[in-house]
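Working notes, beginning with the structure itself.
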Ligand SMILES: [Zn+2]
């Protein structure tokens with residue numbers, strides 16, 4: 001999965017760090033990253049602060065082993081040769097290396113979305129400041145403190161004997177997926193599983209059990225994967241507004257996604273391979 005970068009390790013705890021010439025920079029503007037992607041070698045590079053300029057404003061994001069990542073949206077940078085702006089889709093077209101740089105982009109995306117979305121206090125409209133002791137935005141006027149927000153969501157593998165319930169979304173991602181959705185306020189994640197399967201396919205489920213989770217920065221979410229069995233009637237009544245396909249697919253016929261980045265793909269794969 002995207003977060004499997006072992007033996008490297010992401011350290012996303014709050015820390016006061018200063019940028020230096022070797023710091024990696026996530027320059028993010030208009031939904032795009034400044035990167036160098038070598039399409040022949042399938043290699044990805046981040047610009048260095050020493051090249052972009054040390055006299056602009058940087059925000060420390062996280063480290064992966066001894067590599068520190070900083071964010072800037074400054075206009076006053078020297079764009080290095082061979083670097084261009086890429087969006088998240090460009091990072092998911094093919095496997096790029098090193099893999100931890102791809103995970104870094106997903107994680108940076110989520111953090112930067114949070115920094116940009118909390119520029120102003122949601123209660124009184126004042127300009128927020130960064131806390132000096134933790135990852136938080138603090139309003140200097142009314143004191144409201146905002147922490148990074150992570151949205152819980154579920155991925156559900158519904159099993160019917162030797163078949164798995166596969167779906168395809170009506171818009172966007174074109175490959176096979178599983179039932180998925182966000183948790184509502186006041187709901188347990190097990191209730192999210194039951195509700196989403198009912199809403200998308202009209203099926204009742206039983207024997208809900210947790211599998212694994214995955215941080216998925218694109219929607220600021222933490223995805224929690226569950227397997228369960230269909231309970232009773234297995235005829236599918238598809239939500240045609242959300243899905244264009246929902247079908248029971250025999251184990252051997254499951255077509256996996258092109259890249260092994262997603263929890264969804266891993267869940268489809270272990271079922272296909274009879275590991276469940
Ligand atoms: Zn305020």
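The values are calculated or read from the model by the stated rules, or taken from the named source; none is laboratory data. Keep in mind that this is a model prediction, so the values were computed, not measured. So basically every Cβ, Gly included, is an ideal-geometry build from the backbone, and we count neighbours across all protein chains shown.
Side notes on the structure shown:
- All strands (runs of 3 or more DSSP E) inside the stretch 194-276 with 3 or more residues being touching a helix residue (DSSP H, G or I) at 6+ places or on another chain (Cβ under 8 Å): 205-216, 221-230
- Failed condition for residue 175, given (1) surrounded by 21 or more Cβ atoms within 10 Å (Cβ to Cβ); (2) in a loop (DSSP other than H, G, I, E, B): (1)
- Output for the stretch 142-159, where each listed residue is part of a strand (DSSP E or B) and exposed (fewer than 15 other Cβ atoms within 10 Å of the Cβ): 145, 151
- Residue selected from the stretch 128-137 under the condition more than 9 Å from the ligand (Cβ to nearest atom) and either touching a strand residue (DSSP E or B) at 6+ places or on another chain (Cβ under 6 Å) or not in a strand (DSSP E or B) (or both), by the criterion modelled with the lowest pLDDT: 132
- Residues that are more than 25 Å from the chain's Cα centre (by Cα) and exposed (fewer than 14 other Cβ atoms within 10 Å of the Cβ) within the stretch 18-40 comprise 18, 20, 21, 22, 40, listed in sequence order.
- Whichever residue in the stretch 92-121 is free of Cβ contacts under 8 Å to residues at least 40 places away in the same chain and crowded, with 18+ Cβ neighbours inside 10 Å and, among such residues, is nearest to residue 27 (Cα to Cα): 118
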